Ligand code: SOE
């Protein structure tokens, strides 16, 4: 641990999630009183110019291009991995062996086997490990969890969840890393399907079996510049075959008997980042939509018959999870604050020597569901998730 109760952060990667995570470490002390003050020590990236710019912009003390050197550094307490999926396993295992606490972006790995090796490494090292399923930390999602745990919805019958985006509908959008199987493992399935699977596991329970289908709507794309950017890069003449799903739809049966209907797509025109769910139980229902993330719609069967109907809770009161850390009643928070809430819980776990959730165990279970869906789509059959664990 750093001197004077600080937590020295080393980050590997510096693009979209690098910005979100860096902002969280930098601002967490604005809103919370974390037991350890995070210090942005070193950020690492392959492109020296890019990572130096990021270090200056985000406030890191140093920028380098060698992640192995970073992991070896005695001054680093926590390694935060925000790189493409095919690099997670090697980085996590080396960081665990170096005794570093770890935050890793989702999905955890390229497959369950890698995930298991990563989990074994962190457990053997006795370090705190967390996977960045940030949407759990939206106050309204935390309230949904509380209502379900208190039995306000009764027995859960259904969850229907969608994660709808539309950023690659242009056939000229190039084959960036999120569209290449050798780098990302799967397409919408692992990138955004993993989020709704995590929310379903968090709110409803473990998934027993799945059946799914995937589709690639645009079969080839310009090779273009292999950037992570979500904006169309200059197209090049050479084209490459798309080998990951553009969209996935799947059904799930939960261990507790609930049924799930899921959809994750990057071709839902007009939906930029719509992560939403509805959960129905014997005593009521709840609905949440990331695009109105401070609201939770609820329906309770025991409301007065003349007053029954979905009503909207403004999850902006001091009684609501995390809210009193931010602003007076009625003020709203955003996407970036889900990462601040996540980072706060991680820091407290490290300070108290306690494992936090979602952990790499959650990451492995998520990976097993992803792989079961992919297998089901190939074989056209229901797949038991336990076969993958
Ligand atoms: C792209 O789909 C993406 O950046 C995901 O990778 C993130 O996990 C999600 O939070 C926003 O969209």
Using the C-alpha gyration tensor of the chain, what are the square roots of 5 times its eigenvalues, in whole angstrom, with the largest one first?
-> 31, 28, 20
Theoretical gain in end-to-end length, residue 68 to residue 243 [0.36 nm per residue, Cα-Cα removed] | 60.0 nm
Taking just the C-alpha trace of region 1-158, give me its Rg and Dmax in Å.
-> 17.1, 55
Expected 222 nm ellipticity per residue - DSSP helices of 4 or more, -39500 (n - 2.57), all of the chain, to 500 = -9500 deg cm²/dmol
Any idea how far apart residue 354 and residue 256 come out in nm if each label point goes 7 Å out from Cα toward Cβ?
-> 2.2
So, in Å, what gap is there between the alpha-carbon centers of region 59-91 and region 114-129?
-> 17
For region 263-310: span of alpha carbons on each principal axis (Å, largest first) = 41, 20, 15
Between region 241-288 and region 293-340, the Cα center-to-center distance that results, in Å | 22
Estimated distance in nm for a label pair at residue 145 and residue 167, the labels positioned 7 Å out from Cα along Cα-to-Cβ = 2.5
Order by protection proxy (mean Cβ within 10 Å, highest first), peptides 183-191, 33-41, 266-274, 114-122 | 183-191, 114-122, 33-41, 266-274
Computed E for residue 181/residue 324 - FRET, C-beta separation, R0 51 angstrom, nearest 0.05 = 0.70
Based on the alpha-carbon gyration tensor of region 114-212 and its eigenvalue square roots a ≥ b ≥ c, which shape applies: rounded if a/c is under 1.5, prolate if not and a/b is larger than b/c, or oblate?
-> oblate
Neighbour-count ranking [beta-carbon atoms within 10 angstrom, fewest first] of 17, 169 | 169, 17
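Given the peptides 126-135, 101-110, arrange them by the average over their residues of other C-beta atoms within 10 Å, most packed first.
Highest mean packing first, the order is 101-110, 126-135.
No value in this document is a laboratory result; all are computed from the given coordinates. Bear in mind the structure is a predicted one, so any value in this text is a computation, not a measurement. Cβ atoms come from the backbone with ideal geometry, glycine included; neighbour counts cover every protein chain shown.
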